[in-house]
1. What shape does the range 232-290 have by the C-alpha gyration tensor, where a ≥ b ≥ c are the square roots of the eigenvalues, rounded means a/c under 1.5, and otherwise prolate means a/b greater than b/c and oblate the rest?
2. Can you tell me which of 75-87, 213-225, 257-269, 288-300 comes out highest on packing, and rank the rest after it, using the mean Cβ neighbours within 10 Å?
3. Give the distance, in whole Å, between the Cα centre of the range 263-292 and the Cα centre of the range 233-256.
4. Output the peptides 323-333, 304-314, 44-54 sorted from most to least packed, where packing is the average of other Cβ atoms within 10 Å over each peptide's residues.
5. Amide H to amide H under 5 Å from Lys282: which residues, 5+ apart in sequence or cross-chain, H placed 1.01 Å off N in plane?
6. If you take the square roots of the eigenvalues of the alpha-carbon gyration tensor of the range 296-336 and sort them as a ≥ b ≥ c, do you get rounded (a/c under 1.5), prolate (a/b over b/c) or oblate?
Amino acid sequence: MKLTIPFILLLLFMGCQNGKTNNYENTSVIQSEADSIDVTTHPGKKLMEINCYVCHSPTTNQGDRVGPPMIAIKKHYISDDTTKEEFIKNIQDWIKNPNENDAKMFGAVRRFGVMPKTLYPEETIAQIADYVFDNDIEQPEWFEDHFNEEKGKHKGEGKGMGNGKRKQMHKQQAQINFDELPYAERGLKYALSTKAVLGKNLMGTIQKKGTLEALAFCNEQAYPLTDSMSVVHNVTIKRVSDKPRNPNNQANTEELEYIENFKDVIANQQEPTPVVKESNSKVKVYYPITTNTMCLQCHGKPTKNIEPKTLKALTLLYPNDQATGYDVSQVRGIWTITFEK
């Protein structure tokens, strides 16, 4: 049993911003992405939302998706005779080596491609799988009809929807007041909701137009979209790096220290947690941005991962580019979120 759903690259955005405009996305659309992440419950649910919801949010419209919703995994891969141990092991095995030959969700592969490889800690995947196996997963309103059509009105639900029960969940998440969250969770929510908006737009561009168009998109739209999220949340949201593509994204001395600390955490296959720094009136929250195989199209090794035409475009757009030479699961930079106490 293997998963074929693509987890998304956010990191192509890091440093790919060159000048701001006011061409912001509609804030109601952006807010729907922000509301899709709940960081206050079961640890497996939180980890699922952190690591998966950029591509697989249940609130994204069907036509705008860059990956199937998480409920699709449960409906396709858990049957009545699947044990939790089997499910967890099979997911861990797939994450280690995603490839088209071992794929089972063929429709998802055709539309979205195979997920990029990222070296998630095994415990992270185990907790996500544990949550998915035992709990009802929020689903988009259109999903049930889509699934039944795809399966030819197949009636064997299995454990795909709450231990064999046909149960519509749709959007039943409680609305969260950000101001009531602990500072670490609050900053993480701001970062993840921004990541979801940027990631959705970037992946859509890659899928429809290719890497070169994605570079143009980063250059023209990443700053406005990030600023839009800052407006929505009334916070300051930045992404900075020790090896910036755009000099405007150069990390300061304090941020460089956090980047190095997060590098150690990721290198040791540990799950990162937000860093919180408080002053008299403000809070700063830091969280890492890491690479996967798709990031390497623009951030990998020039002679190995980056195609010549892409490298040429990078050279023209960013003559002082430092943001290459990465491998999978390395820290590209950090989110810096600043808000009032």
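1. Working: a/c = 1.77, a/b = 1.22, b/c = 1.45.
Note, shape of the range 232-290 comes out oblate.
2. Values: 75-87: 16.5, 213-225: 19.6, 257-269: 15.0, 288-300: 23.4.
In decreasing order of mean packing, 75-87, 213-225, 257-269, 288-300 become 288-300, 213-225, 75-87, 257-269.
3. Each part's Cα centre sits 13 Å from the other's.
4. 44-54, 323-333, 304-314
5. Lys341
6. Working: a/c = 2.77, a/b = 1.34, b/c = 2.07.
Oblate is the answer for the range 296-336, as a/c is 1.5 or above yet b/c matches or exceeds a/b.
Each reported figure results from applying straightforward, stated rules to the coordinates on display, with no laboratory input. Everything numeric here is computed off the predicted structure, so don't read it as measured data. Every residue, glycine among them, receives a Cβ derived from its backbone with ideal geometry; neighbour counts consider all protein chains shown.
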